[in-house]
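Take a look at the structure set out below.
The values are calculated or read from the model by the stated rules, or taken from the named source; none is laboratory data. The shown structure was predicted, so the numbers you read here are calculated from the model rather than taken from an experiment. Here the Cβ is made from the backbone with ideal geometry for all residues, glycine too, and neighbour counts use every protein chain on show.
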Amino acid sequence: MKDMSGCWGVIRGFLYSDPIEKTSNAGTKFASARLKVRDKDKTVFWSVSAFDEAVQSLMSFKEGEGVKIEGSVKTQAYLDKNNAAQVGHTIMTRLVEPFEPKQLGQRATHNSSYSNTR
């Protein structure tokens, strides 16, 4: 079982692509996806890894659909291909649920993102 200790959070956003189901070298099934989240005036991408019962839940969603993901979060600094400093965001989850932008008083936009209406 994957260690999910550390910082815990809830991320709401839209799948950037369809999730992919994988099997680790140890034989553990998991699913991965990319999540697109609007943060004020910029877009933040999250790498998502789902374990246990969350694998089938994540696999039931398609690109562009809204999801709420709860799990262990991690950020990591790295250099991109142009040698510019960037921050990577990762969440390991066992809980994936549908997310409707109206739940936060937000509205969906044409590019599968969302913006605040406050």
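Things worth noting here:
- Residues in segment 77-101 that are surrounded by 10 or more Cβ atoms within 10 Å (Cβ to Cβ) and assigned to a strand (DSSP E or B): 86, 88, 89, 90, 91, 92, 93, 94, 95, 96, 97, 98.
- Filter result for residue 22 (surrounded by fewer than 18 Cβ atoms within 10 Å (Cβ to Cβ) and either touching a residue at least 12 places away in the same chain (Cβ under 8 Å) or not polar (S, T, N, Q) (or both)): yes
- Residues (of a type in the set (Lys, Arg) and modelled with pLDDT under 90) located in segment 1-15: 2
- Residue check, residue 6 part of a loop (DSSP other than H, G, I, E, B) and touching a Ser or Thr at 6+ places or on another chain (Cβ under 9 Å): yes
- Some residue of segment 55-69 being over 15 Å from residue 99 (Cα atoms), touching a Ser or Thr at 6+ places or on another chain (Cβ under 8 Å), touching a residue at least 24 places away in the same chain (Cβ under 8 Å) and in a strand (DSSP E or B): no
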